[in-house]
Every structure is written in structure tokens, then in C-alpha cells.
1. HN-Hα J couplings of the stretch A:200-214 from phi, Karplus 6.51/-1.76/1.60, θ = phi - 60°, integer Hz, Gly and Pro as x?
2. Taking Cα pairs under 8 Å and at least six residues apart, what relative contact order does chain B come out at, in percent?
3. If amide H atoms are built 1.01 Å from N in the plane of the peptide, which residues on other chains or at least 5 residues away come under 5 Å of the amide H of residue A:146?
4. For chain B, with only Lys/Arg (+1) and Asp/Glu (-1) charged at the beta-carbon, what is the dipole magnitude about the Cα centre, in debye rounded to 20?
5. How high is the relative contact order of the stretch B:298-359, in percent, counting Cα pairs under 8 Å that sit 6 or more residues apart?
6. May I ask for log10 I(q)/I(0) of chain A at q = 0.07, 0.10, 0.13 Å⁻¹, from a Debye sum over the Cα atoms as equal point scatterers with solvent left out?
7. Just to confirm the filter: which chymotrypsin sites (Phe, Trp or Tyr not before Pro) across the stretch A:213-279 are DSSP coil and have at most 12 other Cβ within 10 angstrom of their Cβ?
8. Which of the GluC sites (Glu not before Pro) found in the stretch A:156-227 are in a DSSP loop and have at most 10 neighbouring Cβ atoms, other than their own, within 10 Å?
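Values in this text are rule-based calculations from the coordinates and carry no lab data. Just so it is clear, the structure is predicted and the values come from calculations on it, not from any experiment. So basically every Cβ, Gly included, is an ideal-geometry build from the backbone, and we count neighbours across all protein chains shown.
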Amino acid sequence: MKWFWCLFFAFWPILAIAVCAVAPAYGWWFPSAAASPLGQRIDDLFYMILIITTITFVGTQAGLAYVLFTGARRTDPDVDQKAWFSHGSHQLEVIWSVVPAFVLLFIALYQLDVWADYRVKDMFPREKMSQLLEDKLHQKRTKHDSLALAEVTARQFEWRIRYPGFDEDGNLLPLMPDPQPTDLYTVNDLHLPVRVPVMINLKSQDVQHSFFLPELRVKQDAVPGLVIPVWFEAKSQQSYALLCAELCGWGHYKMKAQFVAESDEAFLEYLRELQRQQFFDGVAEAAESAEDDE
Amino acid sequence: MSAPSTTGHEAGHGHHHNPEDRLALLKQIWMFSTDHKVIGIQFLCTTLLMLMVGGALALGVRWQLAFPWENMPIFGNLFAGEGGQISPEYYTMLFTMHASVMIFLVIIPVLAGAFGNFLIPLMIGADDMAFPILNALSYWFIWPTIICFGISFTCAGGGPGNGWTSYPVLSALPQAAPGSEEAQFWWLIAVTFAGVSSMMGSINYMTTIINMRAPGMTLFRMPLTIWGMFITAILQAFALPVLTAAGFMLVSDRMLGTCFFIPSGLVVNNADPTVGGGQPLLWQHLFWFYSHPAVYIMLLPAMGMVSDMLSATCRKPIFGYKPMVYSLAAIAGLGFIVWGHHMFTSGMNPALGMTFMISTVMIALPSAVKVFNWIGTIWGGRPEFNTVFLNCVAFISMFIVGGLSGIFMAAVPVDIYIHDTYFIVAHFHYVLFGATLFGVFGGIHYWYPKMFGRRMSEGWGKLHFTLTFIGFNGTFFPMHLLGVAGMPRRYADPYLHPYLEHLLPLNQFMTICACLMGCAQFILIANFVLSWFYGEKAGKNPWLANGLEWVAPSPPGHGNFEVVPTVYRGPYEYSSPDRDEDYWPQTEPPVRKSPAPQPATEPAEASHDASAQS
Ligand code: HEM
Ligand SMILES: [Cu+2]
Ligand SMILES: [Cu+2]
């Protein structure tokens, strides 16, 4: 029986690794390759830790299996040997404290950059964001205006999105902290330019929620009372899942929305269309379509 | 001052002295007993019962994840009404109460309450706890917890639904969700009672361990179980008040409108805007300031127990006793400065995130040292592959997984992605179930003879172990993969989101494994109960182990020891080449084989220290 148990404990780690190895083939792995540069760095970090932990896992489980097998051997009837009377080894203690300490310290320091780029405001790619706003979207802005392109307000159980509108000349306005008469609104449908860092301001109207873009590896809690800037950059022109990752009540699971990354022109056009719909007074249609004809 | 002569005690409590009555302790569990052993058994029976309740709630969760919106058999008709379909708010109640029951009524009380009570006086050679009445109260105060949880089930709205973390504003405003109505109030009161119970235990354990050790039981001759219990008691004493205070603040936010956690201007469920001035993140800081140390409260005693069981079953001294003690202390110390790792995505200052990240990564170090020392303990031993040993090996093997997954989450950028996904759920089940609960299963089999004078069945024990181990890994290992696939936790219907649809079959597999594991627990219960009557009779020292508890009769009478034990050495002197037997009880006076005996084992000196300390 004892050999059975040795095999039992030696076998399960092998099975676990085999399951992980086939998991991507069944889709039990990342939903897609990271769809943002920062997400890519998060994945790289994940894989680095995966390698380190897999080595440790295999090493320790193999060590455990080894001591089980040799221990079982000692209890064989033909072996008449007491257990090893040892209270430990100072040398080994030092080795197995110092080596992991360095590995852990390495992991700790190695990741600081990614975290800083993601969260520390001074490290945000401000240059690129203001370029986008000024050169591509032709926003009328001063230096003090927000770099955010949209305000996302979570509420039970939907995402409300507020964009800045246009002035009379059709220029995009900056996003103001408080709602403006010109602002444009949607629900559960976030559109932003692709292949360029964009920033949103995240708020909550009621309880805590969390803004989760799994494909982009973005997650940020929406905390009542706080306005939290979040930036990300979508790599390709497509629609991504947007959902809530913090329990917010019975309907938590159904805060389903999409994030559409599109070209600058398409984004502007999207906003214009929003404006047309929102300020449509029911009679202006004829005049407007006449305008379009010109 | 401790351990007065037992004869006096026996005279005073005539009804215990029949040594043939193996169920003497069990028969008193209906009473308000101040005997630490009875209280330990009361805790054990209650927590086993609650384990089944918590397990049933978990199966409800699993049912919904495997067969969303389909009528749940058995329990559905009991609770959910409407033919047994789980509604979304019922689902939030299920996972909330599952976690609350398991944490506050199973894991914490089974370690500190059941084993702490039963073992501390026996292992340090005391006749009872320092404050027996306080001790009894600490048991009886978990009944208000059970009752308040029970009331919360029957409230309008159908049970609290804010998760065991109960983050405000959701939990602070009754209008925020059906699960935030009155039920949430009863939940908070229940947790407060659980805290009161823990606190009374904690003070008792600290005092008892510091003051009531038998002569010769120096600090570094204490079994690691006692070290685990001692450090746990310290953690509780320092961390619990914070939770209690936070709980009262939340109650007063709900009832008096104090707004500690509620900012102004929130429009929740179309009610009037809140008045506010508070900050919801404050709750998270306070809650995790308790609850991170609490996860170690849910582990350290098990670490100690497993160390003792491994040493005895392998007939070998603990490898690196002092490193084991120091790493326990290091885990506890670091455990106080890592709470922010639960808040990496909360929007707190990113510099804080970095600090908490570094302390969190470093806490993996003492955990690793412990794992290496356990493996070292088996190394060169002569293990007997009995149920106790198997459960202990499972403890190590599973703890490795939980510790390693912790490193992923400690890496803040990675945690951005996996936070609040099933990866987290996988992590804490590997440490809390995989490690702690397997340690507890081992502990039940190991100390059962001391409690009831009989052994549990080996065959059924092994069957229970095997089924639980397979069911456990089948249920929880795939959760890592679900987490990597981005499946959020606490979703009543993840498949609403197209990128998660294909995970349904895997979830069904996990639910089947969970049912298997749930059924296996009936084997444990049956083995536990039937062995009271049919188990093989056990003498004082069925495992030929060294600890003081094995000197006392099985079960020990009131006052525990027939004579006050004197301790001559540490508890792990197995297989000494100086002896024919492969064990060396702590109480056995040294035989001078070697010409120069170690001064540390001199009885005279040893009893000197002890009396100086007491
Ligand atoms: C090796 C050391 C460990 C590290 C580095 C570690 C790290 C972490 C981190 C970073 C989180 C937060 C993840 C998130 O929510 O995003 C976490 C969650 C958790 N950990 Fe650990 N952990 C370790 C060991 C343990 C142990 C030993 C236990 C319990 C015995 C434990 C119990 C928990 C629990 C219960 C949670 C989740 C609480 C919740 O959100 O409901 N961890 N751990
Ligand atoms: Cu939510
Ligand atoms: Cu923690």
C-alpha cells in the first residue's frame, strides 16, 4: 500500500502540469493575446512568474516524492534502520532562505516598472494623449484641460458614458469635471480611438464596481466618491468585452458592455452621430439632410 | 501555581473518575463545562456540523455555475422556493454565507477553538486553561453567531448578499440590494459575536501558554502546535479589535446615518442622494487589517499541528525546529503589513501598492522555509502511511500550490488582471482547504484517541482522504485556469459574456468533483461518530509519541495528569541512537549513557526556569 501512496503523491503534480499544458488548446487560458502593449507586459510578467513557480513546484513536489519513496523504503521488512536522528542543518537553512529571498526580491523589483506605468500619474503617456487630442481630434484645449476623453460612471447595473461635445464650429470640446449642456451620453457602449493611449475618468454613482477589460488586462475599481483616471491602448480595431469585477449587488454579473476601439475619424464620426441623435428635436431632420446635400 | 495535585480534583469531581468510561468527555458536551477538553470537543462537534452546512451552501453555488438557472435539487426546494431555481440575489447569499460559515464557524473555531482548547493545556502540562469560565464563554458565544446567521437567512430579502468582505457602500445602504437589508445587520452582529468568542479564547491562550507551562517546559521545548496557537492568539488580540470597531462603524452607518464609509451625493437605487462625507476605502483598510492576519489565524495552528504529526508519524525529529518557530513568527509579523494586497486595484495611492507588493512577495519566504523544513522532516524518516500521515503530506503538497499562486497575485501588475477572478478563489481554497482542512482532518485522526479513548477506522479514514483529495483537486485546480481565462468571481451567470461561454463544461466537471467531495465528508462524520462506540480501544500513547498529552490517560480526567509532569527535553526526540525505543517522551528522566549530559536537559535547572517564569 505504501508504494501506492508514494505514487499517488508523485502522480498528481504530473497530472496538474499536463492539465495546464493542454489548457490553452481547450480555451482554458487567456481569452486572447493581450490586446494592449501594457497588457502584453503583464502577460510577459505572468509567464516569467509561471516559469519560476513551475520550477519551484516541480522541485518541491519531486523533493516530496523523493523523501516519500526513500522513507517508504526504510520501512521495508529487510531494512532494519532507525530514522535519521537529525535536527536539521544550518547550512541548508541558509541556502533555502537566501536563494528564494533573492528570487523573490528579483520578482518584486522586476515588476515595479509595469505597475508605475499603469498607475503612477506622472508616468502616464501624457505627450501621446495630448497629441491625440490636439492633432488628431482637433480638440480646443488649454494646458489645464483634462486629458480624459470620456467619463465612465458605473451604476447598478450599467455603465454610463459621458463624452465632451462639440462647440458651434464643430470642434471637439475638452471633458469638464461636471456635466455640460453640450456633453454626449451613451450607455454600455464605450468608443475610443485605437492604437494610441487614451484615458477615461472612472466614477461610481452608487456602490463600488470595477471596470474590467479582460482582453486588455485592465481592471480598476470604481469607488464611490472618487474620480480615478485610467489609461489604456487598444492594439486593434475591434470590439472588446467590458464587465464589472467588483460585487455590486444581485445584478453584478449582468453589467455587460462593450468597448469599441476605432480609428480617430470613425471615433469623431461616432461622436457627431451621437450629437445628431441627442439634439434631434424632431423637426430639424429635413434641414439637416439638406445641409448634408450641399 | 499550575497543575495542582490531581487527587484533589478527582475528589471534587467524582463523576469523571471512571477510567473505563471512554466517552466521559463527550457526555458533558451538553453542559456548561469549564473543562478545556470538553470545550474543545464542543467546538469540534459544532464546527464539524457547520462544515456540513457550509459545504451544502457551496454546492448551491456550484450548482448554479454548472447548470445556471436550472432547478436545484434538494436544497432548492428547501430555501429558494419557486421550484428551486436560484435567483441572482439568492446566489449572492449562497456565496456570502458559504464563506462566512466556513471562515467564522469552521476554520477559525476548529483550529483555535477545538484543537487550541483541547491541546494547549495537555501539551504544556497544565491542568486547565488560565481562565476556565472565560473559556467556556468563548464556546457559548459562537451560538449567538450561529443564531444571528440563522436569523439573517429568514430576513426579508433572503440573507446577506455582500460577500464575506461586505464592502460598503453596498453593505452600508439597505436600499442598495436585497441582500443589504436587515440581513446584513444580522450578519454584522454575528461576526461581532464570533469576534468576541475569538478574543476570549485569545486572551486565555496567551495567558495559559505564558504562565502555566509544566516545570521544564521552556519556550523552545514547546511543541510547534503550541507555538502556532500562541502566535495565532497574539494575532487575534491585535487584529480583532479593528474588525470589531469597523463592524460597529458599519452598523452605525446603517442605523444612525453616521456615514463613516458613505461619500456624499450617491444615488443608490433611485433613493435620495446620500449626505455622506465618508470614504468606502476606509472599510477595506480596516477589514483587511484584520482579515489578512485572519487568514494566518486560519493557518498557523494547522502548520504547528502538521509539524507535530509529521514528526511522530515519521519517527524523526523536526527538521529545523528554530527556523520553524522563527518563520511562524515572521509570517505573523509580515502578516500585519500586507493587507493592502487585497486592494491593488482599489485606487489607493500606487506608491502604497508598491510597498504592499514588496512585503507580500517577502511573506512567501518564511512560507517556503516551512515547506522545505517539512520535507526535511520526512527526509530520512520511517513514515507509516496512515491516515494522519497522508493528510499531512496532502497539507504540504497543497500548501505549495497555494503559496505559489500567491506569488502571481503579489505581483501587482499581474494582480490587475487576476484580481477578483477565479484565480483568487483557487488560491485561497488551496491554502484554506488544501492546507488547513487537510491538516485538521489529520489532526482529528491523530488526537481522536486522546479525546475518546478509541481510534478512528484507518480504512474509512483512507477512503475519506482519497476521495476528498481527488474531489478537492478536481474542483479547485481548474479554478486557476478559469481565472486566467478571465472569469470573474461572484457571477451568478458568467456565460452571459460570450468570451466565457466555452467554460461551462469545465465548470460542470468541477461541480461533479465538488459533489464527490461533499459526499465524502459523510464518511468522515460516520467514522467520527461510529468510532465512539466501535473504534479500536487506545491506551495512553497509541502513536508512541513524545508529547505531554500522551502521558495523560485517554481521555484525561479532570485536571489532566495523574502527577504533575516534568519536562526534560523537546517534543521531537524520535529515533535517538542512544535509546532502544524510537521515541523519548518529554517526561522521561534522562538516562546518563553519555558521560557529559547536556546542561539544558538538567531537570533541576529546567524546573528552575519554569518556576521563575510562573
Ligand atoms: C505565500 C504567501 C501568500 C501570498 C504571497 C499571498 C498573496 C495574496 C494576495 C496578493 C491576495 C489578494 C489577491 C486579490 O484579491 O487580488 C491574496 C488573497 C487571499 N489569500 Fe493569500 N497569499 C499567501 C498565502 C496565503 C495563506 C497562507 C492564506 C490562508 C491561509 C491566504 C489566504 C488568502 C485569502 C483568503 C485571500 C482572498 C480573500 C478574498 O478576496 O476573499 N493566502 N493572497
Ligand atoms: Cu459589479
Ligand atoms: Cu491577504
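1. Along the stretch A:200-214, the couplings run 10, 9, 9, 9, 10, 8, 10, 9, 6, 9, 9, 7, 10, 10, x Hz.
2. On the way: 1118 pairs, mean separation 110.7, N = 614.
Worked out over chain B, it gives 18 percent.
3. A:175
4. On the way: 24 positive and 32 negative charges, 160 e Å.
Charge dipole, chain B, about its Cα centre: 760 debye, nearest 20.
5. Numbers: 20 pairs, mean separation 15.3, N = 62.
Relative contact order for the stretch B:298-359 comes out at 25 percent.
6. -0.44, -0.72, -1.00
7. Values: sites: A:231, A:232, A:240, A:250, A:253, A:259, A:267, A:270, A:279; in loops: A:250, A:279.
In loop regions of the stretch A:213-279 (DSSP not H, G, I, E or B), the sparsely surrounded chymotrypsin sites (Phe, Trp or Tyr not before Pro) are A:279.
8. A:168
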